[in-house]
Number of protein chains: 4
Amino acid sequence: MSQYVLKIDCQDEKGLIYRVADAVFKYKLNIIKNDEFVDREHSKFFMRAELSGEINTKEFLGTLEAMLPSGANIYIASKAKKNIVLMGTKESHVLGDILLKHYRNELNANILAVVSNYDELKPLADKFDIPFFHISHDDITREEHENKILALLETLKPDFIVLAKYMRILSSGFVKNYQGRVLNIHHSFLPAFIGANPYKQAYERGVKIIGATAHFVNDNLDEGPIIAQDVITVNHEFDWKEMQRAGRNVEKVVLSTALDLVLEDRIFVYKNKTVIF
Amino acid sequence: MSQYVLKIDCQDEKGLIYRVADAVFKYKLNIIKNDEFVDREHSKFFMRAELSGEINTKEFLGTLEAMLPSGANIYIASKAKKNIVLMGTKESHVLGDILLKHYRNELNANILAVVSNYDELKPLADKFDIPFFHISHDDITREEHENKILALLETLKPDFIVLAKYMRILSSGFVKNYQGRVLNIHHSFLPAFIGANPYKQAYERGVKIIGATAHFVNDNLDEGPIIAQDVITVNHEFDWKEMQRAGRNVEKVVLSTALDLVLEDRIFVYKNKTVIF
Amino acid sequence: MSQYVLKIDCQDEKGLIYRVADAVFKYKLNIIKNDEFVDREHSKFFMRAELSGEINTKEFLGTLEAMLPSGANIYIASKAKKNIVLMGTKESHVLGDILLKHYRNELNANILAVVSNYDELKPLADKFDIPFFHISHDDITREEHENKILALLETLKPDFIVLAKYMRILSSGFVKNYQGRVLNIHHSFLPAFIGANPYKQAYERGVKIIGATAHFVNDNLDEGPIIAQDVITVNHEFDWKEMQRAGRNVEKVVLSTALDLVLEDRIFVYKNKTVIF
Amino acid sequence: MSQYVLKIDCQDEKGLIYRVADAVFKYKLNIIKNDEFVDREHSKFFMRAELSGEINTKEFLGTLEAMLPSGANIYIASKAKKNIVLMGTKESHVLGDILLKHYRNELNANILAVVSNYDELKPLADKFDIPFFHISHDDITREEHENKILALLETLKPDFIVLAKYMRILSSGFVKNYQGRVLNIHHSFLPAFIGANPYKQAYERGVKIIGATAHFVNDNLDEGPIIAQDVITVNHEFDWKEMQRAGRNVEKVVLSTALDLVLEDRIFVYKNKTVIF
């Protein structure tokens, strides 16, 4: 039997669960896992189900569209590996963690390539037999640099782009091409310490806890929808480099957690926030 | 409009959500919140819904019973304050925290009484105008002592009994009378350090994290279904009294969290575990 | 034997520990606990020791001054309860937690009074026999209001003022009178969500973790030296009122933790940060 | 200038800090970092200092021995990379994490070899150019197997042996050879769930938090001195395999943290516990 993920979000109204359950029942699907949430402030209904059975997804989609409110977003897909591209700069702890997870067969994704503005990460990508593309930003404009990357991405056709400590800001022009499909790890507990060198900012401010935030990238730096966050405690003995060192474990774990959620189609983005089942 | 909580657990089979959603729809109820879970290992279905509308609950129950598998547990109740009795011994941090929360009108319960085997807690109960019953265990057998408490409880008729650091073991005879209705806070991260003075045990073992566990009480000491747990870090500078001191905040927060879950009918007990929505 | 706390901070140079240890030895003091830290970036030395013995503190201070670099801050005091004043507005969870801790004899302080701009907290202060002063801000200027409070504080002579959810901003004029002696709990993970209604801000931003921060108050709102922070996880099911509800436990635990550190003379303030032993 | 780590533990008595500070001063050493702790229950003094300067360590040791109580343990060593051997079985997440950290030059150690009772980990060790030794336990006794490993270790001469999910119990005979030098990661929050398949045990018990524990190995399974622990929350949706999956991040982070503490000579073992500066 095949396995499917069904995601629905639409204006809330009475009987939605009944209607979807009715369709699921008629198509003889088993519900393996089912989650719902209603944002009562905005009267918005969210539902995600893992289903097993054998269906014509197009036909099933048609059935659902006919019974749900107009404007409903309906997504149905058989469970399968997504294709992802990893982007990095020089630091290898987050990238390496993802490569290892992929190597252990625990990442529900095919890694199409590692793309970087430097070549420091090439030996690591090579070790794991992942194609590495060095696209230097030297002597070209930001736009030219991004266009080169976009051209490459067009040939690779990834479902998601994962910024594994890619340390250049992406222009909104770039992001527009991959709306809701670019995932980033920011090395602070957002919205604290937006921008450059958050560990130094955290050190200067004298915080007692530092963290990391995985989020989708949108037009504004570090302001996209948050997927996952975690923290660790620090104290006066940590200078900013020690915070940075300690923070590496949090960064890689948070991005890894967020990436799993993305790859399992567990996230809805709504009003710059995420609903996660 | 009235608000209800519906809880169902039964053997899993196809179409359960459809059937319940159908009944909810026909009774013109709004679904405010809905959660489901299937324990696939045991083919067991759990569902909890918060509903609003106006129904004859007995009639609605009959409708559900007719459409659900035989042996299904169905619970429907209008949202209302539960009646609880608090039991303590000498330590007042957990008891005081509950009394304060009740005083602030943030506890969804009426506190019928504080019962204790000592009288140290009387002044605190008095401050908050809660009836205090001192039932000493001096010069009587355990059975006689428990019978006195049971006699009092029979007149008070609590929905739940909350052991707020009640430091005597309750016999299985006692517990049988209030199956699934006695809540305890154990001052360790169970199942580590079952039994007496867990902080001393933790200190002797040299752990780096200590915790607290709220659980339902069953026949075996500290082995009932776990509701909530939390931890804090410690280090070599903590002797067991300092662990105890630091642990007090965890104890009161964990019991408070668990008590809210109980009072909101959010817990299913199953195979000595809890399913919590 | 008496117990003392010794705190020293000064320019770092070779032999400081030797010199202090020499003095301690000559005065026949026992070192119960000793901590040092050097901020290497600023070449600053911090030391705190708990000592037991019998000394003339003035004489001991003179000995230390003679052997330490000029400009050294030296503090020596026998361990004793501090006098504190609690200030609140309407919310009682933080205030109540401190009153309960004091009632249990676990707070190393005398509570001189509760001061509030409203009278909602009076019944709670009364329960615990703590003098309550209602100083309304109605129909008077901020300055007049603060002057009334200052006048009261002058008669009470507290060592520390604890803002237990006091919801008015204190002017820098007010704070100047109690530099490093006003402790506040802010209901967010600072520096995220400075200012009004941080839970609403956190909800709008869609964070997955919320927190609380205890800090000393300085001229700028929520920008004083941080003493303690803690967090809890939230998800899309939390609206801002549920965040607020869940956050109460963190707020009271964080302030309680910070207050203990203050009362035990464990904190140095330096460059708007804290060194805590 | 050279950097040294000095560690002292001995019976506590007056003037110890003075005497050590005196020696440090006379040898014209700078104290970079200094920590002390007195276990008052057992009147035991612990001290660790990071020093810079130029000394004859043997001579300095002699000076210290002459001034400290008889029976004092004194350790002085220049800061240098330790030599370690990693042992694993089939799971690669912990091993891979250490190899990556070593590759990034963030591990203060030389990895001499990976030793395993299976050959699954060979390709991973190969990627990072670490010698791999497959010592199968097939068709030989436990003693014969351990003797083969011991023979190999004798040629490698590691300072520490790191069990990176090595899934065979080491006999006390084996451990005796490397007392206090074998580090293990146990995939539970010890002392909960000692022994085989702790995730299954945790699942059966219905805990709401799971964890991992890094500890030194002694004669009794999972009962050695604890170095580091951490936890994550789980709920009823986690079956034991999902707990195992989620636990992998904790396991690798906890072992990595503990290994850093070991490599920086920051740990004292005492009464089956650790004092860590």
Q.
Condition check: more than 27 Å from D:E264 (Cα to Cα), polar (S, T, N, Q) and exposed (fewer than 14 other Cβ atoms within 10 Å of the Cβ). Does D:T155 satisfy that?
A. no
Q: Just give me the residues in segment A:217-237 being hydrophobic (A, V, I, L, M, F, W, C), more than 11 Å from chain C (Cβ to nearest Cβ) and surrounded by fewer than 24 Cβ atoms within 10 Å (Cβ to Cβ), in sequence order.
A: A:L221
Q | Qualifying residue in segment D:253-272 (condition: touching a His at 6+ places or on another chain (Cβ under 6 Å), within 12 Å of another protein chain (Cβ to nearest Cβ) and part of a loop (DSSP other than H, G, I, E, B)) | A | no
(Q) Being part of a helix (DSSP H, G or I) and either among the hydrophobic types (A, V, I, L, M, F, W, C) or out of contact with any helix residue (DSSP H, G or I) (no Cβ under 7 Å at 6 or more places or on another chain) (or both) is the filter here; which residues of segment B:134-151 pass it? (A) B:R142, B:E143, B:E144, B:H145, B:N147, B:K148, B:I149, B:L150, B:A151
(Q) Take B:A77 and tell me if it is under 30 Å from B:D12 (Cβ atoms), more than 12 Å from chain C (Cβ to nearest Cβ), in a strand (DSSP E or B) and in contact with a strand residue (DSSP E or B) (Cβ under 8 Å, 6 or more places away or on another chain). (A) yes
Q.
Go through segment C:168-197 and report how many residues are farther than 25 Å from C:K81 by Cβ, part of a helix (DSSP H, G or I) and out of contact with any helix residue (DSSP H, G or I) (no Cβ under 8 Å at 6 or more places or on another chain).
A. 2
Q: Determine which member of the set A:L152, A:L190 is closer than 21 Å to A:Y118 by Cα and in contact with a strand residue (DSSP E or B) (Cβ under 9 Å, 6 or more places away or on another chain).
A: A:L152
Q) Taking segment A:10-61 as the region of interest, how many residues are in a helix (DSSP H, G or I) and at the interface with another protein chain (Cβ under 10 Å from one of its Cβ atoms)? A) 11
Q: Report, by residue number, each residue of segment D:90-129 that is away from every other protein chain (no Cβ under 12 Å) and either touching a helix residue (DSSP H, G or I) at 6+ places or on another chain (Cβ under 6 Å) or not acidic (D, E) (or both).
A: D:A109, D:N110, D:I111, D:L112, D:A113, D:V114, D:V115, D:S116, D:N117, D:Y118, D:K122
Q) Which residue, of D:S43, D:S70, D:S92, is buried (at least 18 other Cβ atoms within 10 Å of the Cβ) and of a type outside the set (A, V, I, L, M, F, W, C)? A) D:S92
Q) Looking at C:K200, C:K165, which is the one that is assigned to a loop (DSSP other than H, G, I, E, B), over 21 Å from C:T274 (Cα atoms) and touching a residue at least 24 places away in the same chain (Cβ under 8 Å)? A) C:K165
(Q) Tell me yes or no: at least one residue of segment B:154-165 is more than 20 Å from the chain's Cα centre (by Cα) and modelled with pLDDT of 95 or more. (A) yes
**Q.** Filter result for A:K7 (touching a residue at least 40 places away in the same chain (Cβ under 8 Å), crowded, with 18+ Cβ neighbours inside 10 Å and of a type in the set (K, R))
**A.** yes
Q: Quick one: which residue in B:K90, B:K101 is touching a His at 6+ places or on another chain (Cβ under 9 Å) and either outside the structural domain of B:Y178 (by TED's automatic domain parsing) or not aliphatic (A, V, I, L, M) (or both)?
A: B:K101
(Q) Please determine whether any residue of segment C:48-61 is among the aromatic types (F, W, Y), buried (at least 21 other Cβ atoms within 10 Å of the Cβ) and not assigned by TED's automatic domain parsing to the domain that holds C:T213. (A) yes
Q. Within the bounds of segment C:183-200, is there any residue that is closer than 23 Å to C:G96 by Cβ, of a type in the set (A, V, I, L, M) and modelled with pLDDT of 95 or more?
A. yes
Q.
On the basis of being part of a loop (DSSP other than H, G, I, E, B), over 19 Å from the mean Cα position of the chain (by Cα) and not assigned by TED's automatic domain parsing to the domain that holds D:S171, does D:G71 make the cut?
A. yes
Q | Complete set of residues in segment A:194-214 that are facing chain C (nearest Cβ under 9 Å) and within 13 Å of the chain's Cα centre (by Cα) | A | A:T213
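Yes/no matrix, rows are residues, columns are (1) among the hydrophobic types (A, V, I, L, M, F, W, C); (2) farther than 28 Å from D:S2 by Cβ:
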{"residue": "D:L64", "(1), (2)": "yes, no"}
{"residue": "D:K79", "(1), (2)": "no, no"}
{"residue": "D:N105", "(1), (2)": "no, no"}
{"residue": "D:N117", "(1), (2)": "no, yes"}
{"residue": "D:S136", "(1), (2)": "no, yes"}
{"residue": "D:I140", "(1), (2)": "yes, yes"}
{"residue": "D:E144", "(1), (2)": "no, yes"}
{"residue": "D:A164", "(1), (2)": "yes, yes"}
Q) Hey, does segment C:241-263 have a residue that's of a type in the set (V, I, T) and either out of contact with any strand residue (DSSP E or B) (no Cβ under 8 Å at 6 or more places or on another chain) or more than 21 Å from B:D260 (Cβ to Cβ) (or both)? A) yes
Q: Filter segment C:239-248 down to residues that are within 11 Å of chain A (Cβ to nearest Cβ) and surrounded by 17 or more Cβ atoms within 10 Å (Cβ to Cβ), then give me how many there are.
A: 1
Q. So how many residues does segment D:11-38 have that are in contact (Cβ under 8 Å) with a residue 60 or more places away in the chain and over 22 Å from the mean Cα position of the chain (by Cα)?
A. 1
Q: Name every residue in segment C:52-106 that is polar (S, T, N, Q) and either at pLDDT below 95 or over 21 Å from B:R248 (Cβ atoms) (or both), in order of residue number.
A: C:S52, C:N56, C:T57, C:T63, C:S70, C:N73, C:S78, C:N83, C:T89
Q) Which of the residues spanning segment D:40-80 are basic (K, R) and touching a residue at least 60 places away in the same chain (Cβ under 8 Å)? A) D:K44, D:R48, D:K79
Q. Of all residues in segment C:203-251, which are assigned to a loop (DSSP other than H, G, I, E, B) and of a type in the set (S, T, N, Q)?
A. C:N218, C:N220, C:N235
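The values are calculated or read from the model by the stated rules, or taken from the named source; none is laboratory data. Source: prediction; values computed, not measured. Here Cβ is always computed from backbone atoms with ideal geometry, including for glycine, and neighbour counts include all displayed protein chains.
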